[in-house]
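What follows is a single structure, written as structure tokens, with notes after it.
The values are calculated or read from the model by the stated rules, or taken from the named source; none is laboratory data. All values derive from a computational prediction rather than experimental measurement. Every residue, glycine as well, gets a Cβ built from its backbone with ideal geometry; the counts of neighbours run over all protein chains shown. For accessibility, only protein heavy atoms count, side chains too; no ligands or nucleic acids. Shrake-Rupley method; radii C 1.70, N 1.55, O 1.52, S 1.80 Å.
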Amino acid sequence: MIPYEDDEFTRPFTGRVDAELDQEMHVEVRVEGVDSRQFALVMDKCWATPVNDPDYSLRWDLILSECPNPNDDTVELLQNGVSTSSRFSFRMFIFTANSTRLYLHCAVHLCLLSSNRCSTDCASGHRRREGRSLDFHDSASISMGPLVLSEGNTDKWVPEQGKVSEASCLCGSLMLILVPLMSVLTHF
């Protein structure tokens, strides 16, 4: 699973993945070492969690039954079940104000291209039936992360009261330092 900086999937992120809130994120899931003339990679489902645990109870579904989550209009399925790589995009989000990390997880399987049943028409509302068939081969779950909310964006999630109280604490701390310092200076 590889995050990309651009929608052409030409510039993968290197190192830490810093993202701004609501930034469009582009993700490619790829399998290597299989015959691309015979198999396609299919993302069955993809989801996000605030911790690196695919089974964590707090999660947001991005892809369900091989199609974008109908409750999230920021998810776009760009390619799925047509080659050895699948692609999607979504807008960066966080779960809570004090959680600035996002981990992505996908359940995928290989599909035999000759079956002509590897891709689903998500626009029609027709969803693939659950269960394995002859075209369904090796499956796996993969994870990546974290995607980290950029430092400059964290203030957007701090309530105004928090900002005021931080300023009050800073002023109070300065007063605690300045008062003894001024009394020392007045004695000289």
For this session: Could you please tell me the mean projected area of the C-alpha convex hull for the range 1-57, averaged over all directions and given in square nanometres to one decimal?
Result: 5.8
Exercise. Largest first, what is the accessible-area ranking of 55, 121 with a 1.4 Å probe?
Worked result: 55, 121
Seminar exercise, completed: Share of Cα-Cα pairs in the range 1-124 beyond 21 Å, whole percent, is 40
Exercise. Hey, any idea what Rg/Rh is for the range 22-88, computing Rh the Kirkwood way over Cα pairs?
Worked result: 1.01
Problem set entry | Backbone N within the range 80-101 under 19 Å of label point (7 Å from residue 24 Cα along the Cβ vector) | 80, 86-94
Exercise. Can you give the accessible area per residue of the range 1-150, in Å², using a 1.4 Å probe?
Worked result: 53
